[in-house]
1. So which residues in the range 222-233 are closer than 30 Å to Ala174 by Cβ and either surrounded by 17 or more Cβ atoms within 10 Å (Cβ to Cβ) or touching a residue at least 24 places away in the same chain (Cβ under 8 Å) (or both)?
2. When the residues of the range 179-232 are filtered to those that are closer than 28 Å to Leu159 by Cβ and of a type in the set (Val, Ile, Thr), which remaining residue is nearest to the chain's Cα centre (by Cα)?
3. Please report, ordered by residue number, the helices (runs of 4 or more DSSP H) entirely within the range 191-258 with at least 2 residues that are closer than 21 Å to Phe55 by Cβ.
4. Quick one: Leu89 ticks every box in (1) surrounded by fewer than 24 Cβ atoms within 10 Å (Cβ to Cβ); (2) more than 15 Å from Pro26 (Cα to Cα) except a single one, so which number is it?
5. Filter the range 1-22 for residues that are outside any helix (DSSP H, G or I) and more than 10 Å from the ligand (Cβ to nearest atom); which is surrounded by the fewest Cβ atoms within 10 Å (Cβ to Cβ)?
6. With closer than 25 Å to Val144 by Cβ, of a type in the set (A, V, I, L, M), surrounded by 24 or more Cβ atoms within 10 Å (Cβ to Cβ) and more than 10 Å from the ligand (Cβ to nearest atom) as the only criterion, which of Val50, Val84 stands out?
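Please treat every number below as a calculation from the coordinates, not as lab data. Source: prediction; values computed, not measured. Using ideal geometry, Cβ is built from the backbone for each residue, glycine included, and neighbour counts are taken over all protein chains shown.
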Amino acid sequence: MVEDPAGWNRQAWDAQVARGNRWTRPVDAAAIAAARRREWSVVLTPKQPVPRDWFPPLAGLPVLCLAASGGQQAPLLAAAGGVVTVHDLSPAQLAQDRLVAQREGLALRLEEGDMRDLSRYPDASFGLVFHPCSNSFIPDPAPVWREAFRVLRPGGVLLAGITQPVRFLFDEKALERGELIARHSLPYSDFVHLTEAERAELKAADEPWCFGHTLEQQLGGQLEAGFVLTALFEDRGEQQALDSRIACFLATRAVKPG
Ligand SMILES: C[S@@+](CC[C@H](N)C(=O)[O-])C[C@H]1O[C@@H](n2cnc3c(N)ncnc32)[C@H](O)[C@@H]1O
């Protein structure tokens, strides 16, 4: 069965908030106070902070945090001077940003929607699109790159987190036991590569549907949309069997030519 993942993933991310998933926990008041003093860092990938020189000057900059809610990066970028819009599918994730904004007196525009459809934003309306590792929740990242390009103004910057294709090759249960059993192929889809019983198990655990993309879809897709890639770094996550051997995440910086 192949279905569009957005309906279930919205519900699943709401449930992840209730479960206290790491990517749903809002920053504290001390982090916001530090960001107001221009002492801040944010991640696109599990651990490594994005270099500060990847960011355009934030003061007054219109920033789109794309599929990036959870009360983490958006309020920090707002406290550091950005004029921030958060666009995300999950009302509960957006509520985490609202919570920080209200607690800290920050202005955040919260928009519930799919990352593939940014039609509510005019062309060239942002100077920065900040998109952490979240396109593994959609079957094809191409619309995200195209829409990010359209809504950025010339000279605008796209910062993206990407899950490396290798993360999707192995049997997940075996990985948890520390064994590498190559099982899948790329592009990966929970709908295509898992059994119905495995999908039922994931659904019972409120896990969102996942998709693994090729580097052609991820990096080639950005270039195809018109971006110029200017920098990247690799980062590692918590999957010991894999992350001890290869960095499973990439962060990229791309610019819309001016
Ligand atoms: C891993 S969390 C990312 C947020 C986090 N602040 C971070 O640093 O990575 C993934 C986010 O993607 C959102 N998401 C999943 N599918 C989406 C879609 N189709 N459109 C928009 N957002 C989506 C989820 O609601 C969730 O907030």
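1. Phe233
2. Result: Thr214.
3. Here the list reads 221-225.
4. Exception for Leu89: condition (1).
5. Here the residue is Met1.
6. Val84
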